[in-house]
Amino acid sequence: MTLAEKLKEKRICVVIPTRNEEQRIAETLEEVFGSFEKHDLPKPIILLSDDSKDGTRRIAREKGAVIVNGGGKGLGYAMYVGLKAALDHHPDFIMMYDADGQTDPEEIPRFLEVVANDQADLVLASRFCRPGLVQYRYPLINRFGTIVLSAMLRAFTGLPLTDSHGGIRAMKPEVVEELEMLGTHTYVQETIIDADQKGFRIKEIPSVWRKRAAGSSRVVASIPTYIFYTLPILILRSKAHLKWLYSLGIIFVLSAFGYFGFVFWQEGFQIAALFKRLPALLLVTLLVTMGTQLFFFGFVLQLLKDVKYMVDKSVHDSRRR
Ligand SMILES: Nc1nc2c(ncn2[C@@H]2O[C@H](COP(=O)(O)OP(=O)(O)OP(=O)(O)O)[C@@H](O)[C@H]2O)c(=O)[nH]1
Ligand SMILES: [Mg+2]
């Protein structure tokens, strides 16, 4: 059965995040609609999750896209909102697609094929799994960043990932139904960690990366800013911080009790003699305080995460009603 036959009568949503893309958005929408038409695929519902101040919305509306308010908090939040809004259209499959012309619309069927054949629940683009996919001089610093981030993702998920940043993805709606996010600056790594933690099957396929057609890159424009926003989210989502905080907390408290027992034993279990060992008592108090604080800090972080997920979910649910 051909892909066109498989996807006949299926509903496909394409979520495109945009921030001031008026120079490029018309062409991107024409390319996406055009690719679906060329390959005999059903006409997609394109949702623009938009944070623009220029004419992007007006142009996109004229070209037949549905406009979603991106929330003005960054690409990560806009993608979260756009993906959840796509669920309102009861899609069989959802795609993500960048507006800036870096992705090749000819690849759309290849991504859909993987989810339509049930080979994965989330299909990612890799620009580095083989040479020649990046079609311009990719900045060395960005390449270094992708190497580090991919290594972190491999460590967190155990998946053989070579990239996290490609501008095109396909997924089943279940991945989006269950999606929970903390980050607002970017979505690229956290959505992978989230899907993996929820047991979804993730596959990476090669994908070309073209030069930005117009406008300027914002998400990765400043590496320090990117690290500042991304690293804490990766650590929080990996749950490694909880292990560290709880383990250190326990080690500190146990050491305090152990040391106190040792000093007490040295003093022949005489309570009055302990008053002569003030420095030792101070150390014990310090260890107990630090240990309980670490434990408490981990607990509060976990609580904040849960509250954030609950608030996002109720905001989304109330929008759907
Ligand atoms: N809604 C929304 N979209 C954004 C925001 N920032 C970027 N985008 C869109 O997200 C897509 C990717 O943004 P880019 O700034 O090119 O970032 P990138 O492609 O990850 O990084 P480069 O490799 O440097 O191009 C584009 O379609 C942008 O218009 C934002 O704050 N809100
Ligand atoms: Mg880009």
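The values are calculated or read from the model by the stated rules, or taken from the named source; none is laboratory data. The shown structure was predicted, so the numbers you read here are calculated from the model rather than taken from an experiment. Every residue, glycine as well, gets a Cβ built from its backbone with ideal geometry; the counts of neighbours run over all protein chains shown. These area figures cover heavy atoms from the full protein model, side chains too; ligands, DNA and RNA do not enter into them. Shrake-Rupley method; radii C 1.70, N 1.55, O 1.52, S 1.80 Å.
For this structure, a couple of remarks:
- Positions within region 118-137 being open to solvent by 40 Å² or more (accessible area, probe 1.4 Å), touching a residue at least 60 places away in the same chain (Cβ under 8 Å) and not aromatic (F, W, Y), in sequence order: Q119, C129, R130, Q135
- Any hit, region 188-197, residues being more than 10 Å from the chain's Cα centre (by Cα), outside any helix (DSSP H, G or I) and surrounded by fewer than 19 Cβ atoms within 10 Å (Cβ to Cβ): no
- Test: residue in region 78-97 that is of a type in the set (V, I, T) and open to solvent by 10 Å² or more (accessible area, probe 1.4 Å): no
- Residue list for region 25-43, filter: in contact (Cβ under 8 Å) with a residue 12 or more places away in the chain, open to solvent by 10 Å² or more (accessible area, probe 1.4 Å) and either outside the structural domain of I94 (by TED's automatic domain parsing) or not hydrophobic (A, V, I, L, M, F, W, C) (or both): E27, E30, E31, G34, H39, D40, P42
- Residues of region 17-64 satisfying the condition of being within 16 Å of ligand 2 (Cβ to nearest atom) and part of a strand (DSSP E or B): P17, T18, L48, S49, D50
- From the list A86, A78, the one residue that fits, being within 11 Å of ligand 1 (Cβ to nearest atom) and among the hydrophobic types (A, V, I, L, M, F, W, C), is A78.
- Restricted to region 65-183, the set of strands (runs of 3 or more DSSP E) holding at least 1 residues that are within 14 Å of the chain's Cα centre (by Cα) comprises 93-97, 122-126, 168-171.
- Summed over region 265-277, the residues that are open to solvent by 100 Å² or more (accessible area, probe 1.4 Å) and of a type in the set (A, V, I, L, M) give a count of 1.
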